[in-house]
Amino acid sequence: KNQVEQSPQSLIILEGKNCTLQCNYTVSPFSNLRWYKQDTGRGPVSLTIMTFSENTKSNGRYTATLDADTKQSSLHITASQLSDSASYICVVSPFNTDKLIFGTGTRLQVFP
Amino acid sequence: SQTIHQWPATLVQPVGSPLSLECTVEGTSNPNLYWYRQAAGRGLQLLFYSVGIGQISSEVPQNLSASRPQDRQFILSSKKLLLSDSGFYLCAWRAGTSVLNEQFFGPGTRLTVL
């Protein structure tokens with residue numbers, strides 16, 4: 001069964017600190033992996049998208065990595081800001097389909 | 001630019017009542033449209049998707065239905081709501097046929113069934 005699991009479920013950090021969120025997936029073969037940011041009560045917004053052949057992708061202070069051999073991805077947030085408080089969702093797209101498989105997300109809280 | 005709208009933003013309905021949630025997309029034509037449900041502590045679950053007017057594919061058997069009466073309008077309905085229908089409903093659209101094209105999500109509708 002295609003699954004996407006994320007850890008930790010929740011994370012609290014202080015403003016200015018870095019953090020790394022993890023995503024493990026069993027989807028195979030897959031076309032691409034995305035990270036979304038979802039503010040409370042809002043729709044998800046895409047941060048990065050990587051194909052199976054890419055290892056890393058950056059978007060400002062967000063850097064995603066992908067290891068297709070171990071089926072793991074991470075999202076690293078540098079110099080966190082209060083506005084980074086949100087849920088971060090890892091999403092994998094199986095090969096040859098536009099159906100997305102969503103992880104349950106990591107809830108990040110950044111405190112001053 | 002493209003925008004996606006959903007309404008209502010919040011809805012509280014009694015068990016057994018009907019439901020109609022609407023989603024419209026502006027600034028694009030012939031988009032793929034999707035309805036998702038996000039239950040508390042769960043990942044987004046695809047309910048329906050549509051590649052064109054009148055074309056609906058259901059992913060999960062349930063008491064919900066979807067319709068696409070116009071190119072950029074997607075409606076989620078139910079004749080009789082269940083308690084388990086409570087959740088956050090998201091509409092999304094995607095342009096083109098490439099699987100790399102991003103899905104853009106609407107602001108969502110918070111449905112509480114009492």
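Some points to look at:
- Flag for A:S87 being under 27 Å from B:C91 (Cα atoms), outside any strand (DSSP E or B) and touching a strand residue (DSSP E or B) at 6+ places or on another chain (Cβ under 9 Å): no
- Only listed residue being surrounded by 14 or more Cβ atoms within 10 Å (Cβ to Cβ) and either in contact with a Ser or Thr (Cβ under 8 Å, 6 or more places away or on another chain) or among the aromatic types (F, W, Y) (or both), chosen from B:R94, B:R110: B:R110
- Subset of segment A:40-65 [outside any loop (DSSP other than H, G, I, E, B) and within 14 Å of another protein chain (Cβ to nearest Cβ)]: A:V45, A:S46, A:L47, A:T48, A:I49, A:M50, A:T51, A:K57, A:N59
- Candidates A:K1, A:K17, A:K71: the one that is modelled with pLDDT of 95 or more and of a type in the set (K, R) is A:K17.
- Against the numbered list (1) more than 8 Å from every other protein chain (Cβ to nearest Cβ); (2) over 30 Å from B:T10 (Cβ atoms); (3) among the small types (G, A, S); (4) buried (at least 20 other Cβ atoms within 10 Å of the Cβ), A:S93 comes up short only at (1).
- Boolean, B:I53 is of a type in the set (V, I, T) and either surrounded by 15 or more Cβ atoms within 10 Å (Cβ to Cβ) or under 30 Å from A:Q6 (Cα atoms) (or both): no
- Taking the conditions (1) farther than 30 Å from B:R110 by Cβ; (2) modelled with pLDDT of 95 or more in turn, A:P29 satisfies each one other than (2).
- Check on A:S80, in contact with a Lys or Arg (Cβ under 8 Å, 6 or more places away or on another chain) and either within 9 Å of chain B (Cβ to nearest Cβ) or of a type outside the set (F, W, Y) (or both): yes
- One residue from B:A40, B:A92 being outside any strand (DSSP E or B) and either within 14 Å of chain A (Cβ to nearest Cβ) or among the charged types (D, E, K, R) (or both): B:A40
- Among residues that are closer than 26 Å to B:V51 by Cβ, within 12 Å of chain B (Cβ to nearest Cβ) and surrounded by fewer than 19 Cβ atoms within 10 Å (Cβ to Cβ), A:F30 is not included.
- Within segment B:59-89, if we keep just the residues that are in a strand (DSSP E or B) and in contact (Cβ under 8 Å) with a residue 60 or more places away in the chain, the residue that is nearest to B:P14 (Cα to Cα) turns out to be B:S78.
- Checking A:N24 against (1) more than 11 Å from chain B (Cβ to nearest Cβ); (2) outside any loop (DSSP other than H, G, I, E, B); (3) of a type in the set (S, T, N, Q); (4) farther than 24 Å from B:R37 by Cβ, the condition it does not meet: (4)
- Just so you know, in segment A:69-82 the residues that are in contact with a strand residue (DSSP E or B) (Cβ under 8 Å, 6 or more places away or on another chain) and outside any strand (DSSP E or B) include one that is surrounded by the most Cβ atoms within 10 Å (Cβ to Cβ), and it is A:S80.
- When the residues of segment B:99-114 are filtered to those that are in a loop (DSSP other than H, G, I, E, B) and touching a residue at least 60 places away in the same chain (Cβ under 8 Å), the one that is farthest from the other protein chains (Cβ to nearest Cβ) is B:L114.
- Among the residues examined, A:R107 does not qualify as within 14 Å of chain B (Cβ to nearest Cβ) and in a loop (DSSP other than H, G, I, E, B).
The values are calculated or read from the model by the stated rules, or taken from the named source; none is laboratory data. Given the structure is predicted, the values throughout are model-derived calculations rather than measurements. Note that we place each Cβ from the backbone using ideal geometry, even for glycine, and neighbour counts take in every protein chain shown.
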